[in-house]
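A.B. asks: My questions will all concern the structure given below.
A short reminder: the numbers here are calculations on the coordinates, not readings from a lab. Worth saying up front: this structure is predicted, and the values here are computed from it rather than measured. When we count neighbours, we look across all protein chains shown, and the Cβ atoms used for this are built from the backbone with ideal geometry, even at glycine.
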Amino acid sequence: MTTEALTPRTRVRRLPELGVYERDQIKAILDEALYCHLAWVAADGDPRVIPTIHTRIDDTLYVHGSNASTTLRGIRGGVPIAIAVTIVDGIRFARSMFEHSMNYRTVIVYGTTQEVTDPTELARVFDAITDQVAPGRSADARRPTDEELRQTTFVKVSLDECSAKVSEGFPEEPDDDLALDVWAGILPLRTTPGVPQDDPLLKPGTPQPPYVTNWRRPGATPA
Amino acid sequence: MSADPGERTTIHRHPERADQDPATVPRILDEALTCTVAWVDAEGRPRALPTIHARIDDTLYLHGSRAARAWKAIAGGAEICIVAMLIDELVLARTSPHHSMNYRSAVVYGHAREVTDPEELYAAARAITHHVLPGRERDAAEPRDKDWRETLIVGMPITEASAKVRAGPPKDDTSDLDLDVWAGTLPLRTVVGDPIPSPDLREGIAAPDYLDGYRRP
């Protein structure tokens, strides 16, 4: 078990039996999650949180945005941030309202941002974030020009301080509730793709690539 | 001190995605199963916590453990920021920088108060159950007094909030339209599997009809 990421902030205190600190399991959740919620402290001292997409290479997590974005200006370098991802696998229906819960996998990463400036790393992470949306896409799509690269800022945080919380299984209820005439169990949930829609301006005869027609999240079980 | 409310909720980046319709924020909050709450801890660092929420009119309700420091801070009136996000489609452009998503997101700013009025507490508990699946609040057993010793509910006014919405096909530069690369959108939705009864479910209790009615994007 890799525990170097365990700090007072990342130790799961509420329902500690759900805490997961193994790096490989944390990475798998980060890779499967399509987007994250990114929190930071604004200049006014108040919290901000926005949805964005992320990508991971080895033990580093990257987020990006336009140079013009308020968020990117706020978190550009040396700024503490918190990133949360949530995957809901199912709804857990208990007999009592209070024992209702969800089967979920969440990861929280805390770190201090560093701006990516090395051109080789920048090119690599641009591919990675394109593949985060649809694995395989970076080999097809035109890569960014130097000008486009200049307009985009990537920041990274290490996975040195992170933890996951994984909740699975059936509701656990006190004996006196088991006798209630209420259904209990799990309703599984899954994100699935629909039918790909061609861009109205698509060049006639351009086929839909297999990573679109067979899209699924890395690690997710096929339908 | 809080920033000027107008400033925090102004969408600077892609202002065309700002959705000013007052019905949009409530609709996103209702549709999103979960949200993330951010606050600033005693050391001045950002913290984030995924949780579920429910809305009654202009109030957003959250619940958590009384024992958790996060919920003590939030119930104590710490400035918080909540984001809820729905992904409708992936947007694949011909060029990697123009990749995007069609999404609807809502951000709510402010601070919460602990709910102590019994009537409001029970209304919020029912609303949170209803949020997860409409109809369930009529079946599930209501909280007992001891439950409130462990769990608190906070309410937050949805007065300072913004919504951001992207829809439509990719937007490549005209000079890239001739590339031999597929471009378009891929709709995503959340689907339910077959309900799995608890191993300790009493015999003869059928899965309720509302399990079939689960609809979220």
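A.B. asks: Roughly what percent of Cα-Cα pairs across region B:32-78 reach past 17 Å?
C.D. replies: Tail of the P(r) past 17 Å holds 35 percent of the pairs.
A.B. asks: Give me the Å³ per residue figure for the convex hull around the C-alpha atoms of region A:93-173.
C.D. replies: Considering the Cα atoms of region A:93-173, their hull volume per residue is 157 Å³.
A.B. asks: So if we plug the beta-carbon distance of B:Tyr210 and B:Arg189 into 1/(1 + (r/R0)^6) with R0 = 22 Å, what FRET efficiency do we get, rounded to 0.05?
C.D. replies: After rounding to 0.05, the efficiency reads 0.75.
A.B. asks: Which residues among region A:18-56 fall inside the zone where the amide N is under 18 Å from a point 7 Å beyond the Cα of B:Ser65, along Cα→Cβ?
C.D. replies: A:18-21
A.B. asks: Could you please state, rounded to a whole Å, how far the C-alpha centre of region B:80-129 is from the C-alpha centre of region A:34-66?
C.D. replies: Here the two parts' Cα centres lie 16 Å apart.
A.B. asks: Pairs to check: A:Lys156/A:Lys203; B:Lys72/B:Lys164; A:Lys203/B:Lys171. Give those whose C-alpha atoms are more than 26 Å from each other in this structure.
C.D. replies: Too far apart for the 26 Å limit: A:Lys156/A:Lys203; B:Lys72/B:Lys164.
A.B. asks: Of all beta bridges DSSP finds with both residues in region B:21-166, what is the antiparallel percent, to the nearest 5?
C.D. replies: 100 percent
A.B. asks: For B:Leu92, A:Leu202, B:Leu152, what ranking results if the residue with the fewest other Cβ atoms within 10 Å of its Cβ goes first?
C.D. replies: Listing B:Leu92, A:Leu202, B:Leu152 from fewest to most nearby Cβ atoms yields A:Leu202, B:Leu152, B:Leu92.
A.B. asks: Taking the Cα centre of region A:57-115 as origin and charging only Cβ (+1 Lys, Arg; -1 Asp, Glu), how large is the dipole, in debye to the nearest 20?
C.D. replies: In total the dipole reaches around 240 debye.
A.B. asks: Next question. Apply the a/c threshold of 1.5 to the C-alpha gyration tensor of the protein assembly as shown and tell me whether it is rounded, prolate or oblate.
C.D. replies: Here the protein assembly as shown falls in the prolate category.
A.B. asks: With +1 on the Cβ of every Lys and Arg and -1 on the Cβ of every Asp and Glu, and nothing else charged, how large is the dipole of region B:156-217 about its Cα centre, in debye rounded to the nearest 20?
C.D. replies: 300 debye
A.B. asks: Ok, one more. Taking +1 at the Cβ of each Lys and Arg and -1 at the Cβ of each Asp and Glu, which of B:His99, B:Ala68, B:Val154 sits farthest along the dipole of chain B towards its positive end, judged by Cα position relative to the Cα centre?
C.D. replies: Most positive-ward Cα: B:Ala68.
A.B. asks: Let me ask another. Per the helix-only calculation at 222 nm, which mean residue ellipticity applies to chain B, given -39500 (n - 2.57) for every DSSP H run of n ≥ 4 and division by its residues, nearest 500 deg cm²/dmol?
C.D. replies: Roughly -5000 deg cm²/dmol at 222 nm, from the helical runs in chain B.
A.B. asks: Give the Debye-formula value of log10 I(q)/I(0) at each listed q (0.16 Å⁻¹), with one equal scatterer per alpha carbon of chain A, two decimals each.
C.D. replies: Debye output, listed in q order: -1.19.
A.B. asks: Based solely on its DSSP helices, what 222 nm [θ] is calculated for chain A when runs of n ≥ 4 H residues each add -39,500 (n - 2.57) and the sum is averaged over all residues, nearest 500 deg cm²/dmol?
C.D. replies: Dividing the helical sum by the residues of chain A leaves -5000 deg cm²/dmol.
A.B. asks: Give me the compactness ratio for region A:127-170, meaning the Cα radius of gyration over 2.2 N^0.38 Å.
C.D. replies: It is 1.77.
A.B. asks: Considering the options B:Cys35, A:Val85, A:Gly169, tell which one lies farthest towards the positive end of the dipole of the protein assembly as shown, charges being +1 on Lys and Arg and -1 on Asp and Glu at the Cβ, about the Cα centre.
C.D. replies: Result: A:Val85, furthest along the dipole toward the positive end.
A.B. asks: Let me ask another. Per residue, how big is the convex hull around the C-alpha atoms of region B:46-201? Give it to me in cubic angstrom, could you?
C.D. replies: 181 Å³
A.B. asks: Can you list residues whose amide H is under 5 Å from A:Asp199's amide H, if they're 5+ apart or on another chain and H is modeled 1.01 Å from N?
C.D. replies: For A:Asp199, the qualifying residues are B:Ala183, B:Gly184, B:Thr185.
A.B. asks: Same structure again: Tell me, in nm to one decimal, what length is gained between A:Arg124 and A:Asp59 on full extension, where the rule is 0.36 nm per residue of separation less the Cα-Cα distance?
C.D. replies: Roughly 22.0 nm would be gained on extension.
A.B. asks: Moving to a separate point now. Order these by the 10 Å Cβ neighbour count, fewest first: B:Thr190, A:Thr7, B:Thr185.
C.D. replies: Going from least to most buried by this count: A:Thr7, B:Thr190, B:Thr185.
A.B. asks: How big is D, in µm² s⁻¹, for region A:34-142 by Stokes-Einstein at 37 °C and 0.692 mPa s if Rh is the Kirkwood radius over C-alpha pairs?
C.D. replies: Translational D for this selection: 206 µm²/s.
A.B. asks: Find the all-direction average of the projected area of the Cα convex hull for region A:107-223, expressing the result in square nanometres with one decimal place.
C.D. replies: Answer in nm², one decimal: 13.0.
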